[in-house]
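S.K.: One structure, pasted below without further comment.
The values are calculated or read from the model by the stated rules, or taken from the named source; none is laboratory data. Quick caveat, the model's predicted, so the values are computed rather than measured. When we count neighbours, we look across all protein chains shown, and the Cβ atoms used for this are built from the backbone with ideal geometry, even at glycine. With ligands, DNA and RNA removed, areas are computed over all heavy atoms of the protein, side chains included. Shrake-Rupley method; radii C 1.70, N 1.55, O 1.52, S 1.80 Å.
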Amino acid sequence: MHTHTRSRPNVILFIADDLAWGDLCCHDNPYVHTPNLDRLHAQSARLEHYCSGPLCSPARASLLTGRYHLRTRVIDTYCGRSNIDPNERTIAHALSKSGYQCGAFGKWHLGDCYPSRAIDMGFDTTVMHNAGGIGQPGDHPLNNARWQKDSYFDPILYSNGEPKPYRGYCADIFIDEAIRFIDKNKDQPFFTYIATNTPHTPLIVANEWSEKYLKMDIDPKHAKIYGMIENIDYNIGRLMAHLERHGLTENSILIFTSDHGPCSSADGADNRIRWNAGLRDRKGSLYQGGVKVPNFIRYPAGLIKQQAVTRITSPVDILPTVMDFCNIAESTNCPSIDGVSLRGVLTDDSETPPPPADRKVYMQWHRGDVPIPHRNAAVIGDRFKYYTPNENSSGELYDLKNDPCETHDIANEFPEQAKSMRKDYLKWLFDVAGTRGVGTFDSQAIHIGSSVERSTLLTTNDWRLVTGEDWDRTDLRGYWQVKNLKEQQYNIRVRFKQKPDRGLVFLSINDTILTADKIEPDGWIQFDKQVIHEGYIRIESWIEKHSNDSESYLQRFQCACYIELSS
């Protein structure tokens, strides 16, 4: 820890969604216009071997906690597997304890209900959407009704946990709110976390941003994405100008990054990935196209060098790096972190040594409740990368210094290197699997009955599935496992993806089954008040169809996609 004194810096962490390495002009993209990000690139240390992801929630869990996501209960992005354990400690927790005001704006995707919301995890002020994107099945019902249409405009957002209508385009709103927060707290240290849900699909953006790209000889979907990216660039410009106008640039750490590479939902015709500097594959894959993303760090007062940093870096390094620059010691009662401070490679400061020359970072992700050894797993060092796309793979080895696009598997040429990295991976997996004992990968239960969340909205983003794997299919059966903090009476109402015309609606709470048949004009079905006992409960709701329906569970039942419980 550094002993010299300096006024503690403000911290602004901006993470885009699905923005690839090749989506910026400064990375030689031949189409997109990003003058503000190009300027930030020139003013910053650039982490050019920064490997993030491999999906939205895992990347964010690692970024905010400094720990591999498999330690945090954030295993996946849905089906109850993206709720962060409330015992994890975030950047906001650490900074708040040291006198910072902490605000979060945009996409959280680490839990929409108590105790895993941003407002529960160290942030003082939050304006967020729910689930993984505005309008997704786990978001507010009114947003979901406009999903794939215009849900990115005039959305319902959650202000400190309470739903509230907003006007404008989503990314503009988040920057408006972030600037408002900065203005309110500019005379004290602040941490501002900005997480746009753009350029993630659906490809919704005003014509003024996408029109010039639609006139180019490129795929129309890619043109829309470039319009969304130019809007991000515009908002970064607004943010940087505001800092400059109020004299905050010099003593503010500004970090810009993304969570992972391009998503297949944004592929063009013939499943063509947009321009990405020749990097292999896309989001979900652990090839470089899926995990290599931009990361720019600017801090003039901290003497961060304006240069490329080619050492291997990871989202887990951001928390310890921020703590180091803010001169905040790691608390002894906090979970141990996996990342390292990058101060030694960002500056000429000799007090912080650079990461070890043989340092490696680890990645794994696939659908399911528990990681399967070797399934979509990677070990990445400064030079070599070992990757097993599936559990049957003998392992691929790439020399990223000489083959950054992973065109030549050299496992047979360097068998000892491959063997050593495979061993490193198994040691790492054994370690993270023991984080919380046998229940390390158990999903984090939603709590109901809390004094800080009087109304809890259960959605398909958090349901546990009996069959299948999705959050938007009506032919699946799902339920919610929740913890009731105290015995009390609840108002309960449920809602289906499509408003039923008629029929008896069932609500199951453990062994109790209730029924209701009055469907309100807005599509909600209200049940009589119900006393729920303290403890863990299983809750689900369904309606029985009057005839065979191939889009229903067992062609007969349709499960509710929302259950609201209010105390």
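S.K.: If one computes the Cα centroid of region 487-535 and of region 182-200, what distance in Å separates the two points?
M.R.: Rounded to whole Å, the Cα centres lie 39 Å apart.
S.K.: In addition: Along the charge dipole of region 172-214, which of Ala178, Ala206, Phe190 sits closest to the positive end, that is, farthest toward it, with unit charges on the beta carbon of Lys, Arg, Asp and Glu (+1, +1, -1, -1)?
M.R.: Going by the Cα projections, it comes out as Phe190.
S.K.: Check each of the trypsin sites (Lys or Arg not before Pro) in region 476-538 and keep only those in coil by DSSP with at most 14 other C-beta atoms within 10 angstrom; list them in order.
M.R.: Working: sites: Arg477, Lys483, Lys486, Arg493, Arg495, Lys497, Arg502, Lys518, Lys529, Arg538; in loops: Arg477, Lys486, Lys497, Arg502, Lys518.
Sites meeting the loop and neighbour criteria: Lys486, Arg502, Lys518.
S.K.: Now, a different point. Could you check what % of the DSSP bridge pairs in the chain are antiparallel, to the nearest 5?
M.R.: Values: 64 of 95 bridges.
Roughly 65 percent of the DSSP beta bridges within the chain come out antiparallel.
S.K.: Separate question: Can you pull out the GluC sites (Glu not before Pro) in region 214-279 that DSSP calls coil and that have at most 13 other Cβ atoms within 10 Å? Mind dumping the intermediate values first?
M.R.: On the way: sites: Glu230, Glu244, Glu250; in loops: Glu250.
Answer by residue number: Glu250.
S.K.: Work out the length of the dipole vector of region 55-106 about its Cα centre, built from +1 on the beta-carbon of each Lys and Arg and -1 on the beta-carbon of each Asp and Glu, and round it to the nearest 20 debye.
M.R.: Details: 7 positive and 3 negative charges, 21 e Å.
Value, rounded to 20: 100 debye.
S.K.: Compactness ratio of region 168-307: Cα Rg over 2.2 N^0.38 Å, N = residue count? Could you put the intermediate results ahead of the total?
M.R.: Numbers: Rg = 17.0 Å, N = 140, 2.2 N^0.38 = 14.4 Å.
So the Cα radius of gyration is 1.18 times the expected 2.2 N^0.38 Å.
S.K.: Taking all protein chains in place and a 1.4 Å probe, what share, in percent, of the accessible surface of region 1-133 do carbon and sulfur account for? Kindly include the intermediate steps, with their values, before the conclusion.
M.R.: Numbers: 1370 of 3060 Å².
Carbon plus sulfur share of accessible area: 45 percent.
S.K.: Which pairs in the list Lys186/Lys212; Lys164/Lys224; Lys107/Lys499 are over 30 Å apart, alpha-carbon to alpha-carbon?
M.R.: Numbers: Lys186/Lys212 37 Å; Lys164/Lys224 28 Å; Lys107/Lys499 28 Å.
Among Lys186/Lys212; Lys164/Lys224; Lys107/Lys499, the Cα-Cα distance tops 30 Å for Lys186/Lys212.
S.K.: On to the next question. Over the Cα atoms of region 160-218, each weighted equally, I'd like the Debye log10 I(q)/I(0) at q = 0.18, 0.20, 0.22, 0.27 Å⁻¹, rounded to two decimals.
M.R.: -0.81, -0.92, -1.02, -1.23
S.K.: Does region 1-109 come out rounded, prolate or oblate by the C-alpha gyration tensor, with a ≥ b ≥ c the root eigenvalues, rounded set by a/c under 1.5 and, if not, prolate when a/b is larger than b/c and oblate if not?
M.R.: Details: a/c = 2.16, a/b = 1.16, b/c = 1.86.
Taking the square roots of the gyration eigenvalues as a ≥ b ≥ c, region 1-109 is oblate.
S.K.: Now for a different question. Over region 315-441, with the other protein chains present, what is the accessible area per residue in square angstrom, probe 1.4 angstrom? Provide the component values of the computation, followed by the final result.
M.R.: Numbers: 5950 Å² over 127 residues.
About 47 Å² of surface per residue is accessible.
S.K.: Here's another thing I want to ask about it. Could you check how much of the accessible area of region 139-267 is carbon and sulfur, as a whole percent, using a 1.4 Å probe? Please list the in-between numbers first.
M.R.: Working: 2420 of 4910 Å².
That fraction is 49 percent.
S.K.: Between region 62-93 and region 6-55, what is the C-alpha centre distance in whole Å?
M.R.: Comparing the Cα centres of region 62-93 and region 6-55, I get a distance of 23 Å.
S.K.: Counting Lys and Arg as +1 and Asp and Glu as -1, each charge on the Cβ, what is the dipole of region 476-566 about the Cα centre in debye, to the nearest 20? Working shown, then result.
M.R.: On the way: 13 positive and 13 negative charges, 27 e Å.
With Lys and Arg at +1 and Asp and Glu at -1, about 140 debye.
S.K.: Taking region 355-410, which trypsin sites (Lys or Arg not before Pro) meet the DSSP loop condition and have no more than 12 other C-beta atoms within 10 Å? Write down the numbers at each step before the final one.
M.R.: Details: sites: Arg359, Lys360, Arg367, Arg375, Arg383, Lys385, Lys401; in loops: Arg359, Lys360, Arg367, Arg375, Arg383, Lys401.
The qualifying sites are Lys401.
S.K.: Bin by bin, in steps of 10 Å, what percent of the Cα pairs in region 285-426 do you find, going until the bin that has the longest distance?
M.R.: P(r) for region 285-426, in whole percents per bin: 10, 36, 31, 19, 4, 0.
S.K.: With the other protein chains left in place, how much accessible area per residue, in square angstrom, belongs to region 133-215 at a 1.4 angstrom probe?
M.R.: On the way: 3390 Å² over 83 residues.
Per-residue value: 41 Å².
S.K.: Under 37 °C and 0.692 mPa s, how fast does region 226-361 diffuse according to Stokes-Einstein, given a Kirkwood radius computed over C-alpha pairs? Answer in µm²/s, whole number. Don't jump to the answer; show the numbers that get you there.
M.R.: Numbers: Rh = 17.4 Å.
Value of D from the Cα-based Kirkwood radius: 189 µm²/s.
S.K.: Right, next: At q = 0.14, 0.21, 0.22 Å⁻¹, what log₁₀ I(q)/I(0) does region 58-139 have when each alpha carbon counts as one equal point scatterer in the Debye sum?
M.R.: Results for region 58-139 at q = 0.14, 0.21, 0.22 Å⁻¹ read -0.41, -0.93, -1.01.
S.K.: What is the Cα coordinate range of region 467-521 on the first, second and third principal axes, sorted by size from largest, in whole angstrom?
M.R.: Cα extents, longest axis first: 33, 30, 19 Å.
S.K.: Pop out the Kirkwood hydrodynamic radius of region 310-381 from its pairwise C-alpha distances, inverse of mean 1/r, in Å to one decimal. Present the calculation step by step, with values, prior to reporting the outcome.
M.R.: Numbers: mean 1/r = 0.0709 Å⁻¹.
Evaluated on region 310-381, it is 14.1 Å.
S.K.: Let me ask something additional. Over the chain, one equal point on each Cα, no solvent: what is log10 I(q)/I(0) by the Debye formula at q = 0.08, 0.09, 0.12 Å⁻¹?
M.R.: At q = 0.08, 0.09, 0.12 Å⁻¹ the computed log10 ratios are -0.53, -0.68, -1.21.
S.K.: Something else now. Tell me, how many Å apart are the Cα centres for region 313-366 and for region 381-440?
M.R.: If you average the Cα positions of each part, the centres end up 21 Å apart.
S.K.: Dividing the alpha-carbon Rg of region 444-559 by 2.2 N^0.38 Å yields what? Mind dumping the intermediate values first?
M.R.: Details: Rg = 14.2 Å, N = 116, 2.2 N^0.38 = 13.4 Å.
Normalised by 2.2 N^0.38 Å, the Cα Rg of region 444-559 equals 1.06.
S.K.: Can you find, among Val309, Thr515, Leu476, the residue sitting farthest towards the positive end of the charge dipole of the chain, where Lys and Arg contribute +1 and Asp and Glu -1 at Cβ?
M.R.: The Cα lying farthest towards the positive end belongs to Thr515.
S.K.: On average, how much accessible surface per residue is there in region 218-260, in Å², for a 1.4 Å probe, leaving out ligands, DNA and RNA?
M.R.: Working: 1170 Å² over 43 residues.
Per residue, region 218-260 has an accessible area of 27 Å².
S.K.: Right, next: Expected output is a single nm value to one decimal: the length gained when fully extending between Val438 and Gln306, i.e. 0.36 nm times separation in residues minus the C-alpha distance. What is it? Mind dumping the intermediate values first?
M.R.: Values: separation 132, 0.36 × 132 = 47.52 nm, distance 4.55 nm.
Additional length available on full extension: 43.0 nm.
S.K.: Summarise the accessible area of region 316-452 (1.4 Å probe, protein heavy atoms) by the percent that is carbon and sulfur. Can you show the working numbers first?
M.R.: Working: 3340 of 6350 Å².
Result for region 316-452: 53 percent of the exposed heavy-atom area is carbon or sulfur.
S.K.: How big is region 203-266 by the Kirkwood estimate over distinct Cα pairs, in Å?
M.R.: Values: mean 1/r = 0.0733 Å⁻¹.
When all Cα pairs of region 203-266 are included, the Kirkwood radius is 13.6 Å.
S.K.: What number, in percent, do you get for the relative contact order of the chain if the mean sequence gap of Cα pairs under 8 Å and at least 6 apart is divided by its residue count? Provide the component values of the computation, followed by the final result.
M.R.: Numbers: 1355 pairs, mean separation 97.9, N = 567.
Relative CO of the chain lands at 17 percent.
S.K.: With charges only on Cβ, +1 for K and R and -1 for D and E, what is the dipole size of the chain about its Cα centre, in debye, rounded to 20? The partial results should precede the final answer.
M.R.: Working: 64 positive and 73 negative charges, 106 e Å.
The dipole magnitude comes to about 500 debye.
S.K.: If I model a spin label as a point 7 Å beyond the Cα along the Cα-Cβ vector, how far apart are those points for Ser566 and Asp522 in nm?
M.R.: 0.8 nm
S.K.: Grab the Cα-Cα distance for Leu142 and Cys334, subtract it from 0.36 nm times how many residues apart they are, and report the gain in nm with one decimal. Provide the component values of the computation, followed by the final result.
M.R.: Values: separation 192, 0.36 × 192 = 69.12 nm, distance 3.88 nm.
Extending this stretch completely gives an extra 65.2 nm.
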